[in-house]
Amino acid sequence: MAIPLSGLIDRGSLGFARHLHEQSGRDGIINYWLDTSYMSRAEQRFSTRLFRQIDRLTGITFKATGFRSSDLDVYCVPNLKGRVIGRAVQTRFGARILWEDEGGSRLTSVEKTTIAHELLHTLGLSHPFGDGYNPAYSTRDTVMSYNEQGWFGLTSSDVAALQHVWGA
């Protein structure tokens, strides 16, 4: 089911996107770095493909770079502790996303959804109407839902919200 833009974009989430835009030089280019310490080849390929897909759909250009010149740092970690399996964090120089490795060298459906979910947080999207557990929505409707039903890719609602925030 399509989600209205107001259901995935709020002031708080736009602040995250503005911060990343400002810290990356306001030019639409976001330099990213993948920390490959715990990241499998499958996770690296998926992340890179996701960046390219968002490139094609929006006015953003993602460029792989080294750690010292990155706006967005991407980490797979052995354990995030607690019930959290992913996190998006604003940093002084941009943003950082982390997800908990659950599949080892295998890339699981949950990891795909988590990687996309956390990346979309840094790009200005929020949970459906501010509630990741909103029972009206699942990952079939948006990757921003916590109601996991599998990896279905970016949905039309996700794409519309990204294009609203970053252009097409």
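Restricting the first member to segment 41-52 and to residues that are modelled with pLDDT of 95 or more, and the second to residues that are small (Gly, Ala, Ser) and assigned to a helix (DSSP H, G or I), the beta-carbon pairs closer than 8 Å and six or more apart or on different chains are Leu50/Ala116.
Restricting to segment 73-111, count the residues that are in contact with a strand residue (DSSP E or B) (Cβ under 7 Å, 6 or more places away or on another chain), more than 24 Å from Phe152 (Cβ to Cβ) and of a type outside the set (Ser, Thr, Tyr). Final tally of qualifying residues: 7.
Can you say whether Tyr137 is in contact (Cβ under 8 Å) with a residue 60 or more places away in the chain, of a type in the set (Phe, Trp, Tyr) and assigned to a loop (DSSP other than H, G, I, E, B), as far as the supplied structure shows? Answer is yes for this residue. In segment 12-31 there is at least one residue that is in contact with a Leu (Cβ under 9 Å, 6 or more places away or on another chain), assigned to a strand (DSSP E or B) and surrounded by 15 or more Cβ atoms within 10 Å (Cβ to Cβ).
Per the listing Arg52, Arg96, the residue uniquely farther than 12 Å from Leu123 by Cα and either charged (D, E, K, R) or under 16 Å from the mean Cα position of the chain (by Cα) (or both) is Arg52. Once segment 146-168 is narrowed to residues that are closer than 27 Å to Gln23 by Cα and assigned to a loop (DSSP other than H, G, I, E, B), the residue that is modelled with the highest pLDDT is Leu154.
The values are calculated or read from the model by the stated rules, or taken from the named source; none is laboratory data. Since this is a predicted model, take the numbers as computed values, not measurements. FYI the Cβ positions are ideal-geometry reconstructions off the backbone, even for glycines, and counts take in every protein chain you see.
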